[in-house]
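Here is the structure we will look at, set down as structure tokens.
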Amino acid sequence: MSFGGYGTNYASAVNNPSLLFQAANYKTGEQGRRLQAFENILQMTHASLLENAYNGVVMNARVTEGMVGTALQGTAGATAGTSTLDTVFNDAFVGSGFNANNDFTNQMKLVARLIAGRSSLANTRQIFFVQQGGFDTHTTQIPAGSNTGGHTGLMNNLNCTLKGFRDALTSLGVFDNVVTFTASDFTRTFTANKGDSSAGSDHAWGGHAIVMGGAVKGQRVYGKFPVLKLGAATNSIDSTGASGRWIPSSSVDQYASVLAKWLGVGDAQLANIFPNLSRFNSPSSAAANLDFLDFAV
């Protein structure tokens, strides 16, 4: 059943259960009346606990839709499917060869819009997960003459999208209040798996992460950057079998613990959440204390 049958009053009704099912909350046409009839059925109680639970799930979805819809209203464009932030993201893609209307960028745009309407979501701390797929580049990792394909294209799209997201947050006046970070299960080998243009790279260990935000102590590399040459340095790049796997110098615990503190976790709780943190955060560690956030901002 489409939520499109709701009228203009549903947003305020979400916060007042006594108003949820009034006729004024639905459109006057056939679509609105069908939705109203459907929700009247959902209000019925049943002897079956399963049926009652099912009704509750559907009604929770209705309330959630109302909250999200309200949050998005402030950045809704003049026509359906558009946003007041479209121009900001489109400008970030000028000359890139990419269209800003792609799956990953649209995810980030939606996050920016939800942040803009955060007061309607009734919370003060939000965590959003987005995903950019395609990094499993076992073949054709660097296609000849293309800046939109392979690994090159993935990074170009990421670059433009992050710029658009940053500019959107700046225009909303909340760049200092948002930390954007990347996370991955694993990275790729330094050496290619073939010797021709169809080559890619295989699964490996450590890799880079990106952190962006007004509170980030930016333009720095945290941790130990590997020497990009096989066998050039100990504990940098593994040359066993000429695979070129980067040997991590910093742990996920160190990285995530700084982000956890940003979310409000106290120092006393960090050891419980990250039991291996003490193995890395010591003065003798090569990458101890990844101090990349300014908590005073």
Go through segment 151-177 and count every residue that is surrounded by fewer than 17 Cβ atoms within 10 Å (Cβ to Cβ), of a type outside the set (G, A, S), assigned to a helix (DSSP H, G or I) and touching a helix residue (DSSP H, G or I) at 6+ places or on another chain (Cβ under 7 Å). 0
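Condition first: part of a loop (DSSP other than H, G, I, E, B) and either within 20 Å of the chain's Cα centre (by Cα) or touching a residue at least 60 places away in the same chain (Cβ under 8 Å) (or both). Now tell me which residues in segment 65-83 satisfy that. Break it down into steps so the answer makes sense when it comes.
Filtering segment 65-83 for residues part of a loop (DSSP other than H, G, I, E, B) gives 74-75, 77-82.
Correct list: T75 only.
T180: within 20 Å of Q132 (Cα to Cα), among the hydroxyl-bearing types (S, T, Y) and assigned to a strand (DSSP E or B), yes or no?
Values: within 20 Å of Q132 (Cα to Cα): yes; among the hydroxyl-bearing types (S, T, Y): yes; assigned to a strand (DSSP E or B): yes.
Yes: the conditions hold for T180.
Could you check segment 110-150 and list, in sequence order, the residues that are in a helix (DSSP H, G or I), open to solvent by 60 Å² or more (accessible area, probe 1.4 Å) and over 21 Å from N90 (Cβ atoms)?
Going residue by residue through segment 110-150, those that are in a helix (DSSP H, G or I) are 110-116, 118-121, 150.
Of the ones still in play, those that are also open to solvent by 60 Å² or more (accessible area, probe 1.4 Å) are 110, 118-119.
The answer is R118, S119.
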Taking segment 75-106 as the search range and keeping residues that are touching a helix residue (DSSP H, G or I) at 6+ places or on another chain (Cβ under 6 Å) and open to solvent by 30 Å² or more (accessible area, probe 1.4 Å), which one is farthest from S146 (Cα to Cα)? V88
With respect to the numbered conditions (1) within 28 Å of V252 (Cα to Cα); (2) small (G, A, S); (3) under 17 Å from the mean Cα position of the chain (by Cα), which one is the sole condition not fulfilled by A168? (1)
Looking at (1) closer than 30 Å to T75 by Cβ; (2) modelled with pLDDT under 95; (3) hydrophobic (A, V, I, L, M, F, W, C), find the lone condition where A199 falls short. (1)
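The values are calculated or read from the model by the stated rules, or taken from the named source; none is laboratory data. Every value quoted in this text rests on a predicted model; they were computed, and no experiment measured them. Backbone-built Cβ (ideal geometry, glycine too); neighbour counts: all protein chains shown. The accessibility values were calculated without ligands, DNA or RNA, using every heavy atom of the protein model including side chains. Shrake-Rupley method; radii C 1.70, N 1.55, O 1.52, S 1.80 Å.
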